[in-house]
Amino acid sequence: MSTPEVKEKVNLLNLTRDGMVEFFSELGEKPFRATQVLKWIHQFGVEDFDEMTNISKACRAKLKEVAEIKGPEIVSVQESADGTIKWALHIPGGQAIETVFIPERHRGTLCVSSQVGCALECTFCSTGYQGFNRNLSTAEIIGQVWLAARHLNGLHKSDNRAVTNVVMMGMGEPLANYQPVVNSMELMMDDNAYGLSKRRVTLSTSGMVPQLKRLIDDIDVALAISLHAPNDALRDILVPINKKYPIAELMPAIHHYLDNSNAARKVTIEYVMLKGVNDSLQHAKELATLLKNTPCKINLIPFNPFPQSDYATSTRQSIDSFSDFLIKKGYVVVTRRTRGDDIDAACGQLAGKINDKTKRQTRREQSSSAETVSNKKYKKQIPVELSN
Ligand code: SAH
Ligand code: SF4
């Protein structure tokens, strides 16, 4: 006797609006059900079909049979004295990713992860140091927004305890996990889901040029580029993907996005300040020349140290001189300040727990003794913009 096939339930958090319409049409239901269910899930944070009171009992029964609403499993929630919240989320295989909520006076920014680790090995990044395991699904990405919104008890409130902005600046390189990231950003902006405006959803990338070139055909959001160096020689070291896609290819891809976007009239240029590495006036000069024809805002990020790193944070004085030089050249420059250091969270250098498939640790051990690994306790800090 053959065992009946057990069909896996569809996790509705994986579905965008179009996916939801298709799902209901396959169930023999009307398309307006898609809107109703999207609202229940994303606007009311419901996970039990029985709470969906405007859906008929028969339809709810059908849904229970074939579908589920399964958000990420929370391992821990930490709240900082300044209101910053960090969630550690369970990922199968004994792993964890992190999501951070940063409240400010007029907004609440959620820093979302896109991968378990990152394969790109930027030399100053703690996530890159830890290696890579796998891409997150749409449910796991939008699920971070879903659970933060549930925790904060409702979106669209005017106080700063709601998610008003999302930045794809957690763990991972968003453009290396293209479709689930695009799907998730679509849901962030969908009026029946989170309804955030295009300018309040930011994709940050280290510069995966082929994906960046096609991105505007699929989604229009605010764009941030992790530049970190004004020339290829230095960027090859700090952001190794630059060897594949050098600055001369990255800049036209940025322009292509800006030229065709309604959301990103300016690109945010992220520039981590590393003492004695990329923070001299000569570097500032080169940067000013490089960005001459690019509408942009420059974000200087004081380096957040982690134990295995040899880099140090630039001094306050060199950050100020760097910034002043660029401001005199007519650039808008924002230096991020740190927040939430009492809960050890940093947007852009989150730790998590990654079963590295890239064998980075082994390769490191084999390749050189040059790297220093110290176990000393470190303080990670959340970089937050001083002003906008
Ligand atoms: N992978 C994407 C998005 C995640 S990283 C990217 O690289 O853009 C988000 C931001 O944090 C990037 O600008 C990244 O360069 C920065 N970052 C990474 N490690 C950091 C550190 N140790 N200190 C300060 N900023 C860091
Ligand atoms: Fe990956 Fe971004 Fe870290 Fe580079 S900075 S290793 S791209 S997460």
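See the values below:
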| item | result |
| --- | --- |
| Cross-chain or 6+ apart pairs with Cβ under 8 Å, the stretch 107-122 first and surrounded by 24 or more Cβ atoms within 10 Å (Cβ to Cβ), then among the acidic types (Asp, Glu) and at pLDDT 95 or above | Ser114/Glu173; Gln115/Glu173; Cys118/Glu173 |
| Condition check for Pro31: touching a residue at least 12 places away in the same chain (Cβ under 8 Å) and over 26 Å from Arg134 (Cα atoms) | no |
| Hey, Asn242 in contact (Cβ under 8 Å) with a residue 12 or more places away in the chain and not in a helix (DSSP H, G or I) or not | no |
| Residue within the stretch 72-85 that is surrounded by fewer than 23 Cβ atoms within 10 Å (Cβ to Cβ) and within 16 Å of ligand 2 (Cβ to nearest atom) present | no |
| Those residues of the stretch 104-129 which are more than 8 Å from ligand 1 (Cβ to nearest atom) and touching an Asp or Glu at 6+ places or on another chain (Cβ under 7 Å), in sequence order | Ser113, Gln115, Gly117 |
| Meets criteria (over 21 Å from Pro180 (Cβ atoms), at pLDDT 95 or above and either in contact with a Ser or Thr (Cβ under 9 Å, 6 or more places away or on another chain) or crowded, with 18+ Cβ neighbours inside 10 Å (or both)) for Leu13 | no |
| Residue in the stretch 165-179 that is nearest to ligand 2 (Cβ to nearest atom), counting only those that are more than 22 Å from Gln95 (Cα to Cα) and assigned to a strand (DSSP E or B) | Val167 |
| Verdict on Ser184 being hydroxyl-bearing (Ser, Thr, Tyr) and either part of a strand (DSSP E or B) or at positive phi (or both) | no |
| Residue match in the stretch 75-98 (condition: assigned to a strand (DSSP E or B), among the aliphatic types (A, V, I, L, M) and within 16 Å of ligand 1 (Cβ to nearest atom)) | yes |
| All positions within the stretch 181-197 that are touching a strand residue (DSSP E or B) at 6+ places or on another chain (Cβ under 7 Å) and away from ligand 2 (no atom under 16 Å from the Cβ) | Met185, Met188, Met189, Leu196 |
| Among the candidates Leu258, Leu223, Leu215, residue that is away from ligand 2 (no atom under 13 Å from the Cβ), under 25 Å from Tyr178 (Cα atoms), in contact with a Phe, Trp or Tyr (Cβ under 9 Å, 6 or more places away or on another chain) and assigned to a helix (DSSP H, G or I) | Leu215 |
| Residue that is closer than 25 Å to Lys86 by Cβ, surrounded by 15 or more Cβ atoms within 10 Å (Cβ to Cβ), within 16 Å of ligand 2 (Cβ to nearest atom) and modelled with pLDDT of 95 or more, where the choices are Val239, Val277, Val272, Val334 | Val272 |
| Boolean, Ser137 is small (Gly, Ala, Ser) and either modelled with pLDDT of 95 or more or within 26 Å of Lys9 (Cα to Cα) (or both) | yes |
| Filter result (of a type outside the set (A, V, I, L, M), under 25 Å from Arg150 (Cα atoms), outside any helix (DSSP H, G or I) and over 32 Å from the mean Cα position of the chain (by Cα)) within the stretch 7-65 | Thr53, Asn54, Ser56 |
| Residue match in the stretch 116-126 (condition: more than 12 Å from ligand 2 (Cβ to nearest atom) and among the aliphatic types (A, V, I, L, M)) | no |
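The values are calculated or read from the model by the stated rules, or taken from the named source; none is laboratory data. Because the structure is predicted, anything quoted here is derived from the model rather than measured. Note that we place each Cβ from the backbone using ideal geometry, even for glycine, and neighbour counts take in every protein chain shown.
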